[in-house]
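Laboratory data are not the source of any read-out in this text; all were calculated from the coordinates shown. Only a predicted model underlies this, so the values are computations on that prediction, with no experimental measurement involved. With ideal geometry, Cβ positions are generated from the backbone for all residues, glycine too; neighbour counts draw on all protein chains shown.
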Amino acid sequence: MHVIVTGGSSGIGLAIAKLYAARGDRVSLLARHSGRLDEAKAEIAALQGVDGSLIRTVSVDVASAEATAEAVELCEASLGPCDILVTSAGIVEPLAFDAMPASVFDEQVITNFLGTANAVRAVYHGMKSRRRGRILMVSSGAALIGIFGYTAYCASKSALTGFAEALSAEADACGVDVSICFPPDTLTPQYRREISRRPPEAEILMGSVRPWSAEAVAARIVRGLDRGTPRIHFGFSLMALAYFGPLIKPFLIWWFSRKTRKITGKEAS
């Protein structure tokens, strides 16, 4: 089986790639930074029983549809048609909307949403023609509720929900399975960078939940893919938001608004 992972040089993507490689599957990693890809490949190849010749890396920015298609073509030429695509490439830059440059907002939407669509487009035709394949989009718990300072990130990750649902409706008759997952805060290099920039208002809502390890998130994702689960959730609070959001969110928004006004008042004084 050939598994292609975007954002595979670190974090959740790398942890997923390790699990599949340990099973003996062929794994391709796509990411922007060639140096990190080399390090990731070495980490995977060092795992017991893993054949390094079954690991392929390609440096690419998924924001480019053409470059992503070319990268996938290279991977499939080396390791065969893609059986599973995991779209884990993503970025987050927390900042209040009116303080966020348009370029920073756009980059998050392009990478997180359009980058996912570009990767899916690169494998989808082949999967349809073979009448088999699995696609897993990595969204975020931030897709389930709006968070102060995360306008671009919440918007881009929420958009993946509609994309996954609509694509699933189209793909089902062709034998292609489409899934989406909503990870919580996860201990990754990106999280460590993000947390240093997280606004105090966002910390009210997000800081009370202990981050998961990338390995634990990856294990649940792979288990969900094995079972054909269309939506993969993490922990009671995010699962409750996913299924009972219309009932829960009005109270959360009211509570959060009160807390935010207190912070704003302190800053103004």
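When the chain is described by a simple charge dipole with +1 on each Lys and Arg Cβ and -1 on each Asp and Glu Cβ, the residue from L241, P101, C75 located farthest towards its positive end is L241.
The residue among M127, G8, V138 whose Cα reaches farthest toward the positive pole of the charge dipole of the chain, with charges on the beta-carbon of Lys, Arg, Asp and Glu, is V138.
Structural size metrics of the chain, computed from C-alpha coordinates, are Rg and Dmax of 18.7, 64 Å.
Put a plus charge on the Cβ of each Lys and Arg, a minus charge on the Cβ of each Asp and Glu, and nothing anywhere else: the dipole of segment 137-203 about its Cα centre is then about 400 debye. Averaging over all projection directions, the Cα-based convex hull of segment 1-40 occupies 2.4 nm² in the image plane. Given +1 at the Cβ of Lys and Arg, -1 at the Cβ of Asp and Glu and no other charges, the dipole of segment 2-268 around its Cα centre is 840 debye to the nearest 20. The helix-based estimate of mean residue ellipticity at 222 nm for the chain, built from -39,500 (n - 2.57) per DSSP H run of four or more residues and divided by its residue count, is -17500 deg cm²/dmol to the nearest 500. Length, then width, then depth: along the principal axes, the Cα atoms of segment 147-269 run 60, 30, 25 Å. Between the amide H of S179 and those of I135, L136, M137, distances stay under 5 Å, these residues lying 5 or more places away or on another chain, with hydrogens modeled in the peptide plane. The slack in the chain from A69 to R193, taken as 0.36 nm per residue of separation less the alpha-carbon distance, amounts to 41.7 nm.
Look at the dipole of segment 184-230 built from charges on Cβ: of A219, P200, P184, the Cα furthest out on the positive end belongs to A219.
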